[in-house]
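Everything on this sheet refers to the single structure shown next.
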Amino acid sequence: MEIKQDMSDVGPLETFENPCPQRDYNIEISCPEFTSLCPKTGQPDFGTIIISYCPDQLCIELKSLKFYLQTYRNQGIFYEAATNRILDDLVAACQPRRMTVTGDFRARGGITTSVTARYP
């Protein structure tokens, strides 16, 4: 069974002005209820997405991030592709100074997987 990797229903990621753009500081967001589908089996995958970034002019608005991540719920996508796509979309939305996205996925068949992608 092969599931399409169609992300056409991804909503916009909203941002707001960084209240302290003159300073380097870190924002860490943990999303422990991330779900997607295995593109080979169609079975659900569960994990935690951890986003850590140093904002420049813009910060990510959390409600839109929540809705954005929920769009993966019915998408057939490998862990590696999901983690890297999330990083690419977040960087495009807020142009941070630095960002790291980690996908920490729960065990399936006795194997756990953690994928980390970094910008720049």
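The values are calculated or read from the model by the stated rules, or taken from the named source; none is laboratory data. A quick note: this is a predicted structure, and the numbers were derived from the prediction, not measured. Ideal geometry is used to build each Cβ from the backbone, glycine not excepted, and the neighbour counts take in all protein chains shown.
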Among the listed residues Thr71, Thr83, which satisfies the condition of being within 9 Å of the chain's Cα centre (by Cα) and among the polar types (S, T, N, Q)? Thr83
Quick one: count up the residues across the range 73-101 that are surrounded by fewer than 20 Cβ atoms within 10 Å (Cβ to Cβ), out of contact with any Lys or Arg (no Cβ under 7 Å at 6 or more places or on another chain), modelled with pLDDT of 95 or more and not small (Gly, Ala, Ser). 12
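Looking only at the range 26-75, count every residue that is of a type in the set (S, T, N, Q), out of contact with any strand residue (DSSP E or B) (no Cβ under 6 Å at 6 or more places or on another chain) and in contact (Cβ under 8 Å) with a residue 40 or more places away in the chain and tell me the total.
Going residue by residue through the range 26-75, those that are of a type in the set (S, T, N, Q) are 26, 30, 35-36, 41, 43, 48, 52, 57, 64, 70-71, 74-75.
Okay, now just the ones that are also out of contact with any strand residue (DSSP E or B) (no Cβ under 6 Å at 6 or more places or on another chain), so 41, 43, 57, 64, 70-71, 74.
Adding the requirement that they be in contact (Cβ under 8 Å) with a residue 40 or more places away in the chain leaves 41, 43, 57, 64, 71.
Residues flagged as of a type in the set (S, T, N, Q), out of contact with any strand residue (DSSP E or B) (no Cβ under 6 Å at 6 or more places or on another chain) and in contact (Cβ under 8 Å) with a residue 40 or more places away in the chain within the range 26-75 amount to 5.
Looking for something of a type in the set (Val, Ile, Thr), over 11 Å from the mean Cα position of the chain (by Cα) and not in a strand (DSSP E or B) - is there at least one such residue anywhere in the range 93-111? If you could, list the steps in order and put the result at the bottom.
Going through the range 93-111, the residues of a type in the set (Val, Ile, Thr) turn out to be 100-102, 111.
Going one step further and asking which of them are over 11 Å from the mean Cα position of the chain (by Cα), we end up with 111.
Subset that is not in a strand (DSSP E or B): none.
Within the range 93-111, not a single residue is of a type in the set (Val, Ile, Thr), over 11 Å from the mean Cα position of the chain (by Cα) and not in a strand (DSSP E or B).
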In the range 31-64, what count of residues is obtained for those that are buried (at least 18 other Cβ atoms within 10 Å of the Cβ) and of a type in the set (Phe, Trp, Tyr)? 2
Counted residues in the range 104-120 being under 15 Å from Asn84 (Cβ atoms) and at pLDDT below 95 come to 0
